[in-house]
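S.K.: Just passing along the structure, written as structure tokens.
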Amino acid sequence: MLELIKGAWHWSISGLLISLVMLLLIKSGKRFGVSSSFKTICAIGGAGKKIDYFDYNWRSHYWLLIFILGSIIGGTIGSTLLANSNPVKISPQTVTSLKSLGINAPMNIEEGRGFLPEEIFSFSNLFSMNGFIIIILGGFLIGFGTRWAGGCTSGHAISGLSNLQLPSLVAVVGFFIGGLLSTHLILPLLF
Amino acid sequence: MKYINFLGIGILFGLVMTKSEAISWFRIQEMFMFHSFHMYGIIGMAVVSGAGIHLLLKRSRSKNFEGDAIVFQEKPKTYKASLLGGTIFGLGWALTGACPGPLYVLFGHGYLIVGLTIVSAILGALCYGYFRSKLPH
């Protein structure tokens, strides 16, 4: 049983558990939306004094920061107590496509866990062009874009779509336009 | 202590993100290359079962744990913002290989460099707030 939990979970179980997280948050009187945390952190930092968008009662979002603290702890448990002994097994086609860019997907646990391409996500690579664009600019686009769109994968793709919200469907179309551009046009230019 | 349940729900979320491999940069590339059903299966299953949850909660007029009626918030009909902001987020999603939830989870995995990505995302949100009135919504 423990081995089963330590391994990768089937997509159907994973998807069900994500909607369970959403259900628990709804039943707790809250909403499932992780990107709101960026706004909350700005508000706690005092941004509301200068910018109206951040001038709201951020204490009402205090729970979200606790939820995020929990997800960080969940990550730590998932990489220690419940660590998988095999790396993420992606499709051979993707391995080949990435290899043509010079990015290696780990084939065994000694090469890495397959969560991040570690040669890109390293402090020594931070000031190379691809490192800066991926690690820093990528993060900036996530914060700017999710707040403009009013949600990310959790708020729009999962909560919004499952509540039949048309603005969420439009947002998800946008997620894919941007994602396809990055994967097929920008990444090949960076490597 | 009043928030301890959210810590628990967060831990569950962190574990699901890890074990579903949705936090993997490689899985996100695979998704945008259409090489595997895995990520579509996860999101699709979450949406379909989530739709069932919404339907049941609405039909049964279910109350929340505090005994109050559940308020289902409508997303604002700002379609330009959804599409343009969504596209900007999509660009970042495929570059970093992570959406906001997985960024925090990866940090918990000990990838400290992702902390810089999170700080940058917070600055992105700050920047959006500053330019908000000048952007189409």
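The values are calculated or read from the model by the stated rules, or taken from the named source; none is laboratory data. In this text, all values refer to a predicted model and were calculated from it rather than measured experimentally. Virtual Cβ from ideal backbone geometry, glycine too; neighbours counted across all protein chains shown. Surface accessibility is based on the protein's heavy atoms, side chains included, excluding ligands, DNA and RNA. Shrake-Rupley method; radii C 1.70, N 1.55, O 1.52, S 1.80 Å.
S.K.: How much accessible area per residue does region A:1-83 have, in Å², with a 1.4 Å probe? Provide the component values of the computation, followed by the final result.
M.R.: Details: 3970 Å² over 83 residues.
Heavy-atom accessible area per residue stands at 48 Å².
S.K.: Ratio to report: Rg/Rh of region A:9-90, with Cα atoms as the point set and Rh obtained by the Kirkwood method; give two decimals. All intermediate terms of the calculation are to be shown ahead of the outcome.
M.R.: Numbers: Rg = 16.5 Å, Rh = 15.1 Å.
Rg divided by Rh gives 1.09.
S.K.: Using a 10 Å cut-off on Cβ to Cβ distances, tally the other chain neighbours for every residue of A:95-105 and report the average as a whole number.
M.R.: If you average over the peptide's residues, the count of other-chain Cβ atoms is 2.
S.K.: Right, another one. Mind giving me the FRET efficiency for B:LYS58 and A:PHE127? R0 is 51 Å, r the Cβ-Cβ distance, nearest 0.05 is fine. Don't skip to the end; give the middle numbers.
M.R.: Numbers: r = 52 Å, r/R0 = 1.01.
Approximately 0.50, to the nearest 0.05.
S.K.: Which values of log₁₀ I(q)/I(0), to two decimal places, follow from the Debye formula for region B:1-82 at q = 0.15, 0.16, 0.19, 0.21 Å⁻¹ with a uniform point scatterer at every Cα?
M.R.: Each listed q maps to, in turn, -0.89, -0.98, -1.13, -1.14.
S.K.: So what is the calculated 222 nm ellipticity per residue for the protein assembly as shown, using -39500 (n - 2.57) for each DSSP H run with n of 4 or more, over all residues, to the nearest 500 deg cm²/dmol?
M.R.: Values: 14 runs with 180 residues, N = 328.
After summing the helix terms and dividing by the residues of the protein assembly as shown, the value is -17500 deg cm²/dmol.
S.K.: Same structure again: Only four residue types carry charge here, +1 at the Cβ of Lys and Arg and -1 at the Cβ of Asp and Glu. Report the dipole size of the protein assembly as shown about the Cα centre in Debye, rounded to the nearest 20. Don't jump to the answer; show the numbers that get you there.
M.R.: Working: 24 positive and 12 negative charges, 227 e Å.
Taking the Cα centre of the protein assembly as shown as origin, the dipole is about 1100 debye.
S.K.: Need one value for A:118-125: mean number of C-beta atoms belonging to other chains within 10 Å of its residues' C-beta atoms.
M.R.: On the way: counts 3, 0, 4, 10, 2, 3, 0, 1.
The mean count of partner-chain Cβ atoms within 10 Å per residue comes to 3.
S.K.: Expressed in nm to one decimal, what extension gain is obtained for the pair B:LEU135 and B:PHE37 from 0.36 nm per residue of sequence separation less their Cα-Cα distance? Walk me through the intermediate numbers first.
M.R.: Values: separation 98, 0.36 × 98 = 35.28 nm, distance 3.56 nm.
Difference between extended and current length: 31.7 nm.
S.K.: In the Gaussian network model of chain A, springs joining C-alpha atoms below 10 Å, which of A:ILE51, A:ILE68, A:ILE133 carries the largest mean-square fluctuation?
M.R.: It is A:ILE51.
S.K.: Evaluate E = 1/(1 + (r/R0)^6) for A:LEU190 and A:SER60, where r is the Cβ-Cβ distance and R0 equals 51 Å; express this FRET efficiency to the nearest 0.05. Working shown, then result.
M.R.: Numbers: r = 40 Å, r/R0 = 0.79.
The formula returns an efficiency of 0.80 here.
S.K.: Could you point to the residue in A:GLY46, A:GLY74, A:ILE18 farthest towards the positive end of region A:1-83's charge dipole, with +1 and -1 charges on the Cβ of Lys/Arg and Asp/Glu respectively?
M.R.: Selected residue: A:GLY46.
S.K.: Turning to a different aspect of this structure: Counting only protein heavy atoms and rolling a 1.4 Å probe, how much accessible area do B and A lose on contact, total for both sides, in Å² to 100? Working shown, then result.
M.R.: Values: alone 11130 and 13720 Å², together 14360 Å².
Counting both chains, the buried surface is close to 10500 Å².
S.K.: Starting from the 7 Å offset along Cα-to-Cβ, what nm value, one decimal, do you get for the label separation of A:GLU119 and A:SER85?
M.R.: Rounded to a tenth, the inter-label distance reads 2.8 nm.
S.K.: Within chain A, which whole H helices from DSSP have a Cα span along their axis of at least 20 Å and a mean Kyte-Doolittle hydropathy of 0.5 or more, if any?
M.R.: Values: long enough: A:11-27 (24 Å, 2.05); A:62-79 (26 Å, 1.70); A:166-181 (23 Å, 2.26).
Span-like helices here: A:11-27, A:62-79, A:166-181.
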